[in-house]
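**Q** Here it is: the structure, laid out below.
The values are calculated or read from the model by the stated rules, or taken from the named source; none is laboratory data. Every value quoted in this text rests on a predicted model; they were computed, and no experiment measured them. Glycine gets a Cβ as well: all are built from the backbone with ideal geometry, and neighbour counts include every protein chain shown.
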Amino acid sequence: MTDITLTTTSAPKTGPFAILLAASRHPLLSHAKVRLALLILIPILVLTILAPVLPIQKPLETNLRAMMQFPSIEHVFGTDKMGRDIFSRTLAGVQISLLVGFSVASIALTFGMVLGTLAGFYGGWLDRAIMTVVDIFLAFPSLLLAIGLVSVMGTGIVPVIFAISLADVPRFIRLQRSQVLSLRSRAFIDAARTVDASQYWLMTRHIVPNTIAPMLVAASIAAANAILVEASLSFLGLGIMPPQPSLGNIVRDGQTYLEQAWWISTLPGVVILLIAIGLHFLSDGVRELLDPRSH
Amino acid sequence: MNYQAPVKTTLLEVRDLRTQFQTASGTVKAVDGVSFTIERGERLAVVGESGSGKSAMAMSILRLLTHPGRVVGGEILLDGRDISRLSEGQLNTVRGRLVGTVFQDPMSSLDPVMRISRQMIEPIMRNLRLNRDQARAEAIKWLDKVGIPEPERRIEAYPFEMSGGMRQRVMIAMALASRPQLVIADEPTTALDVTIQAQIVEVLKTLTAEAGSAMMFITHDLGLVARFAHKVAVMYAGRIVEFGRVEDIFANPAHPYTQSLLGTIPSTTMLKSERLPQISGLPPDMRHEITGCAFKDRCAAAHDRCLAEAPRLTDRGHEHTAACWTPHGLEQALATGQQHATRLNKPFEPDGSVVVELNALRKQFATSRKMVVRAVNGVNLRVHKGETLGIVGESGCGKSTVARMLLGLERPTSGDIFIAGLAQMVFQDPAASFNPKMTIGDIVAEPLVVKSRGSKAERLDTVKRLISQVGLDPAFVERYPHQLSGGQRQRVAVARALALNPSVVVADEPTSALDVSVRAQIINLLVDLKEELGISFVFISHDLLTVRYISDRIAVMYLGEVVEYGAAEEVFADPRHPYTRALIDAVPVPDPVVESRRAATPLQGELPSPLNLPKGCAFASRCPMATDRCRAEKPALPDHDLSRQVACHYAH
């Protein structure tokens, strides 16, 4: 990751503007895909964080005098059959989505890196034990696995995060293990071994730092995927239960009224799409930047 | 090398060829105005280091360039027809039928999931308009010609069932089967062992001569050029800097670059007290416009005119041309420089203390099918203080396994290793031997950190001292490996190996991944360090000339055993084991006169599988003088106190 730390320190700079200016020259931001991704994701993020203080109706508040209204200044995304503000509900849903995406990515990254490193580095029975479990989990399609787990554990955000993570962790273990296996035979590991470096030293100084970049790329794709899976589960009525809004259950609610009020389903659907596209562009851009061949 | 073509007619004429690679960081002018001709039946060698544009030039002829590359100008006349203007479809009738190609890596140029028969028969049917049975017979005939045993059976093999040498033979058979007028071979033997290389070169040479095909042979190995070529084109920075008949190029090189290249190769008679002439600096960055001569920064004879104006190829008589402003290149500068080129004449004097001792060392690996590979099969060796031991042998002979056991990277199956002090290593591939996320400073300091030597400030001082000791600027501590050239990285590798004051440094092919011009720099560095610090070296290489030059003693390994051991010059001047003799014979010497006198019978066959070692002498299967006694009774290496040991029943 050292390649992309701040390198623009030509003149002494103070003040928030100067820092922003310096940050904007960062190579990460000069990449077209990363810029596009941030252009999509940052407004969504800012609006979601500011949602509680925005002058909009609360997500659960109903208004029976303003049902199924077309989008307007007052209700940017319109209202649903109970007069709830779709924009406000969408932002609340995005909050859930981002929480799910971030949690799943972190869980998958943590467990994937630890278990994958151990399996790849030590090999032997530890590797066989970990990989047997991984292979069993990989045999199920991830959405099906999540549906199964949620129907056993019940609905709500914690079971959803758990269920999606359980499908992603094995993939991350696989990826990390394969990286470790190829790094383990590199000459710089041998070089460190000739001075009797400990196994802890080899893992923390030589192996793990070289695996982080591809794992972060995988994590951002996993986050996008987790958001889609959460939306699918909620759409099927298995994830976040109404009245608590989630992008999936808002789309589900509006589905019955597609002909009279298309905006109820469509606009939150577009938001899901934007988040997924943004995260994919981000991971793609970061991957290209970290690829030494792109320099 | 008595080459007399009956009638000289031009087969290929290249005029002002220009090829560029559009990259994100600028336009690389890989080929920048190259013109030359190849006569029918003539073998042209194109020499140059990596980045000189030799491969780009060859690939431009058939428009086989990889993505950002594009031919931007020039004419390519094959048999009078300009093939640079042909459409892709028309060009396909030229590729394969008129021009055959043999690439460097026979692993990736054969389709791994297709049998050889499928890959060979269809092109033959198309190119020679034969039916399937005729084409098959033709393919088998060519496989037989290139020396594939049992061609009727082997034609149904998959590429992975063959060794690298066999695959390269198949490639040659495929290239020649359509009876092309020209064969383009891009480093066809670089991935192979010396003995296999000698076989392949012989096959290429006889078969193209038989078929009357001309050949363009791209290589960085000047020894091969001397063995092989009628004419030589030396490329530097995208241009031909010297062109001429092979005898003239080797006897009277006119361009300073050619002169320097020839000088960097240790000769068979070179004394250790002579320092290898080296080419300082690096080739120019091809993304930038070059004003003046591209070689001026590395040239001792450069003067004002070289800085301003790029020289064109000018006539030097006998079809010999060179692009240099001075009439005789470096001659003057060499004559004055040579006196300084000898080292402190300090011949090795053993004081008796042994630094490394290997006793009956064995290493076996178990394969998945419960078979045992005997990688190292009873090796006894000693290295004295301040001595350099060279270990040579083909790949698979166990030399690297010995090195890994010396460093504790592999545990011996039996036998013991004694090391007085510490052993450290310089690895083959300077790109892979450093953690890309660490700075040079951290890399060199790592052994000190792991062993908790000194404070942080003391370590930094040590690191800077080591980095200057290997001839780099101490400011390099801040840099990352990818910012360094191959030669610079190998210097860093040496600095790291020296950090803990080792008593012995093991160098496993430390120069084979480097360009010819940089090799001499690293070899000189190692020899200097040995003299300054009194360290012992174990130098492992398949490059026999370098091993002879750098080593005091040589151990020749075959199938996990040492078959000959002795003082370097003695072993070279008077090899007693038939294998040593074959190895030395296989090494191409950069001298066309020597090469033309050489008997054209390279060592036959390949290294047998180490899975089931023969009962008798391991070399018996390839030995020209093997008898029944050899096959039944294993010759032992005599007691290792002797200064000269040979494991052969018939060694004199």
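**Q** Say we look at the stretch B:128-156 and pick out the residues that are surrounded by 19 or more Cβ atoms within 10 Å (Cβ to Cβ) and among the hydrophobic types (A, V, I, L, M, F, W, C); which of these is nearest to residue B:607 (Cα to Cα)?
**A** B:148
**Q** Filter the stretch B:484-525 down to the residues that are without any contact (Cβ under 8 Å) to a residue 60 or more places away in the chain, within 21 Å of the chain's Cα centre (by Cα) and not assigned by TED's automatic domain parsing to the domain that holds residue B:384 and list them by number.
**A** Selection gives B:486, B:488, B:489, B:491.
**Q** Please work out which residue is surrounded by the fewest Cβ atoms within 10 Å (Cβ to Cβ), limiting yourself to the stretch B:430-441 and to residues that are aliphatic (A, V, I, L, M) and within 12 Å of chain A (Cβ to nearest Cβ).
**A** Within the stretch B:430-441, the subset aliphatic (A, V, I, L, M) is B:431-432, B:438, B:440.
Okay, now just the ones that are also within 12 Å of chain A (Cβ to nearest Cβ), so B:431-432, B:438.
Numbers: B:431: 16, B:432: 18, B:438: 20.
Within the stretch B:430-441, the match that is surrounded by the fewest Cβ atoms within 10 Å (Cβ to Cβ) is B:431.
**Q** Which residues, taken from the stretch A:184-206, are more than 9 Å from chain B (Cβ to nearest Cβ) and in a helix (DSSP H, G or I)? Don't jump to the end; show me each part of the working.
**A** Step one: filter the stretch A:184-206 for residues more than 9 Å from chain B (Cβ to nearest Cβ), giving A:184-185, A:199-200, A:202-204.
If the condition is that a residue be more than 9 Å from chain B (Cβ to nearest Cβ) and in a helix (DSSP H, G or I), then A:184, A:199, A:200, A:202, A:203, A:204 are the ones that fit.
**Q** OK, next. How many of the residues in the stretch B:173-187 are buried (at least 23 other Cβ atoms within 10 Å of the Cβ) and within 17 Å of residue B:200 (Cβ to Cβ)?
**A** Count: 7.
**Q** Taking residue A:106, is it surrounded by fewer than 19 Cβ atoms within 10 Å (Cβ to Cβ), within 26 Å of the chain's Cα centre (by Cα) and either at pLDDT below 85 or within 14 Å of chain B (Cβ to nearest Cβ) (or both)?
**A** When the stated conditions are applied, residue A:106 does not pass them.
**Q** Just need a number here: residues in the stretch B:273-303 that are farther than 30 Å from residue B:548 by Cβ, within 25 Å of the chain's Cα centre (by Cα) and surrounded by fewer than 17 Cβ atoms within 10 Å (Cβ to Cβ).
**A** 1
**Q** For the stretch B:412-429, state whether one or more residues are buried (at least 23 other Cβ atoms within 10 Å of the Cβ), assigned to a loop (DSSP other than H, G, I, E, B), in contact (Cβ under 8 Å) with a residue 60 or more places away in the chain and within 14 Å of chain A (Cβ to nearest Cβ).
**A** Yes: the stretch B:412-429 contains one or more residues that are buried (at least 23 other Cβ atoms within 10 Å of the Cβ), assigned to a loop (DSSP other than H, G, I, E, B), in contact (Cβ under 8 Å) with a residue 60 or more places away in the chain and within 14 Å of chain A (Cβ to nearest Cβ).
**Q** Could you tell me whether residue A:275 is surrounded by 22 or more Cβ atoms within 10 Å (Cβ to Cβ), more than 14 Å from chain B (Cβ to nearest Cβ), in contact with a Ser or Thr (Cβ under 7 Å, 6 or more places away or on another chain) and at pLDDT 90 or above?
**A** yes
**Q** Another one. Tell me, please, whether a residue that is surrounded by 21 or more Cβ atoms within 10 Å (Cβ to Cβ), on the phi < 0 side of the Ramachandran plot and assigned to a loop (DSSP other than H, G, I, E, B) can be found in the stretch B:442-460.
**A** no
**Q** Among the residues of the stretch B:395-407, is there at least one that is at the interface with chain A (Cβ under 9 Å from one of its Cβ atoms) and touching a residue at least 12 places away in the same chain (Cβ under 8 Å)? Steps first, answer last, please.
**A** Within the stretch B:395-407, the first condition is being at the interface with chain A (Cβ under 9 Å from one of its Cβ atoms), and the residues that meet it are B:404, B:407.
Subset that is touching a residue at least 12 places away in the same chain (Cβ under 8 Å): B:407.
Looking through the stretch B:395-407, at least one residue is at the interface with chain A (Cβ under 9 Å from one of its Cβ atoms) and touching a residue at least 12 places away in the same chain (Cβ under 8 Å).
**Q** Give me the pairs, please: first residue somewhere in the stretch B:361-390 and free of Cβ contacts under 8 Å to residues at least 60 places away in the same chain, second residue anywhere and of a type in the set (Lys, Arg) and assigned to a strand (DSSP E or B), beta-carbon distance under 6 Å, and either six or more positions apart or on two chains.
**A** Listed by first residue and then by second, the contacts come to B:364/B:374.
**Q** Regarding the stretch B:39-59, can at least one residue be identified that is in contact with a helix residue (DSSP H, G or I) (Cβ under 9 Å, 6 or more places away or on another chain) and acidic (Asp, Glu)?
**A** yes
**Q** Could you grab me the full set of residues in the stretch B:467-485 that are away from chain A (no Cβ under 14 Å) and either under 22 Å from residue B:532 (Cβ atoms) or not in a loop (DSSP other than H, G, I, E, B) (or both)?
**A** B:467, B:468, B:469, B:470, B:471, B:472, B:473, B:474, B:475, B:476, B:477
**Q** Of the residues A:56, A:44, A:73, A:96, which is out of contact with any Pro (no Cβ under 7 Å at 6 or more places or on another chain), part of a helix (DSSP H, G or I) and surrounded by fewer than 21 Cβ atoms within 10 Å (Cβ to Cβ)?
**A** After applying the criteria, what remains is A:44.
**Q** Name, by its number, the condition in (1) within 28 Å of residue B:517 (Cα to Cα); (2) buried (at least 20 other Cβ atoms within 10 Å of the Cβ) that does not hold for residue B:579.
**A** Looking at each condition in turn, residue B:579 falls short on (1).
**Q** Quick one: residue B:238 ticks every box in (1) surrounded by fewer than 21 Cβ atoms within 10 Å (Cβ to Cβ); (2) of a type outside the set (Ser, Thr, Tyr); (3) on the phi > 0 side of the Ramachandran plot bar one, so which box is it?
**A** So residue B:238 meets the others, but not (1).
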